[in-house]
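A.B. asks: Can you keep this structure in mind? I'll have questions shortly.
The values are calculated or read from the model by the stated rules, or taken from the named source; none is laboratory data. In this text, all values refer to a predicted model and were calculated from it rather than measured experimentally. As a convention, Cβ positions derive from the backbone with ideal geometry for all residues, glycine included, and neighbour counts pool all protein chains shown. Surface accessibility is based on the protein's heavy atoms, side chains included, excluding ligands, DNA and RNA. Shrake-Rupley method; radii C 1.70, N 1.55, O 1.52, S 1.80 Å.
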Amino acid sequence: MSLTEQARWFVLGGDHLVLLDAQGQIPQGSRACLPPPLQDAPFEHFDDWDGAPCYLLDLGADADVQAMAGLRQLMVGGDEEGFRLAGRAWQLATFRRSHRFCGECGAPMAPKSGEWALGCSQGHLVYPRISPCIIVAVRKGPAVLLAAHRRHYQAEDPMYTVLAGFVEAGESLEQCVAREVFEESGIRVDNIRYVASQPWPFPHSLMMGFTADYQSGEIRVQDEELVAADFFEADALPRLPPQGTIARRLIALCLGDGV
């Protein structure tokens, strides 16, 4: 890579932080667009964006991150492709950070040439982890089931979103949808339909979105996961997830494009 090559530069550090330029976007241009201490750093090519290479540099969990911003800022700002690629970069960095030693023999791991994999001296190979999750909007007539999740709850103007959960071993996606909805809300569903997927780099999930119809039951929240849940109609919605998330897309699909 030359000093004048035009590229996008993904500089990571801390916990899901990324270096952004003055416009709140991923730095773009030659190496000269980067802060001087980073201009000679050992970046790695990991993808392309509109024909330009994307380079990755992970400064580590203990890096000075004063000039960095949270990864979600790209999503909230409407930069969907920037968020997607920064999320990919973060998943690769998380993989490298969490697989420094072989899980089979304990030997140090090193990058494998030509692909995003790590190998040890005994020939054991590992690839980036992807954790399958479901996320589902449950319809009941003109309303959708939304919940305030305990892990990011704030008492003042809480955000409500759809239900989600990790797929368990030996479970189909549709079985996971039915189980997660019942466990978290006490609701039974049917007519489960796949909609779309979204990589979610917190830390390495693949969110698979569904809609489902209310079948039976009364709302009974799982206290460990939820603070509250209810059915909401389009004219009386709480604060929702930002545009660009699959959660918002599922809510809009149930209630109308104006949501």
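A.B. asks: In region 205-228, is there at least one residue being open to solvent by 30 Å² or more (accessible area, probe 1.4 Å), of a type in the set (S, T, N, Q) and within 15 Å of H149 (Cβ to Cβ)?
C.D. replies: Within region 205-228, one or more residues are open to solvent by 30 Å² or more (accessible area, probe 1.4 Å), of a type in the set (S, T, N, Q) and within 15 Å of H149 (Cβ to Cβ).
A.B. asks: While we're here: Out of region 233-249, which residues are surrounded by fewer than 16 Cβ atoms within 10 Å (Cβ to Cβ) and either within 17 Å of the chain's Cα centre (by Cα) or not charged (D, E, K, R) (or both)? Before you say what the answer is, go through the steps one by one.
C.D. replies: If we filter region 233-249 for residues that are surrounded by fewer than 16 Cβ atoms within 10 Å (Cβ to Cβ), which is where we start, we get 233-239, 242-243.
Listed by number, the residues that qualify are A234, A236, L237, P238, P242, Q243.
A.B. asks: Here is a further query. Confirm whether G106 is open to solvent by less than 50 Å² (accessible area, probe 1.4 Å) and under 30 Å from P53 (Cβ atoms).
C.D. replies: Numbers: open to solvent by less than 50 Å² (accessible area, probe 1.4 Å): yes; under 30 Å from P53 (Cβ atoms): no.
Criteria not met by G106.
A.B. asks: Now a separate question. Do you know which of the residues in region 162-192 that are in a loop (DSSP other than H, G, I, E, B) and over 13 Å from S131 (Cα atoms) is most open to solvent (accessible area, probe 1.4 Å)?
C.D. replies: G170
A.B. asks: May I ask you to say which residue of D40, D62, D48 is modelled with pLDDT of 90 or more, within 23 Å of the chain's Cα centre (by Cα), of a type in the set (D, E, K, R) and part of a loop (DSSP other than H, G, I, E, B)?
C.D. replies: Numbers: D40 fails: within 23 Å of the chain's Cα centre (by Cα); D48 fails: part of a loop (DSSP other than H, G, I, E, B).
Testing whether each residue is modelled with pLDDT of 90 or more, within 23 Å of the chain's Cα centre (by Cα), of a type in the set (D, E, K, R) and part of a loop (DSSP other than H, G, I, E, B) leaves just D62.
A.B. asks: Test V195 against the stated conditions and say whether it is open to solvent by less than 40 Å² (accessible area, probe 1.4 Å), of a type in the set (V, I, T) and at pLDDT 95 or above. Working first, answer last.
C.D. replies: Details: open to solvent by less than 40 Å² (accessible area, probe 1.4 Å): no; of a type in the set (V, I, T): yes; at pLDDT 95 or above: yes.
No; evaluated as a whole, the condition is false for this residue.
A.B. asks: Only one residue in A247, A236, A228 is of a type in the set (A, V, I, L, M) and free of Cβ contacts under 8 Å to residues at least 40 places away in the same chain. Which one?
C.D. replies: Values: A247 fails: free of Cβ contacts under 8 Å to residues at least 40 places away in the same chain; A228 fails: free of Cβ contacts under 8 Å to residues at least 40 places away in the same chain.
Answer to the selection: A236.
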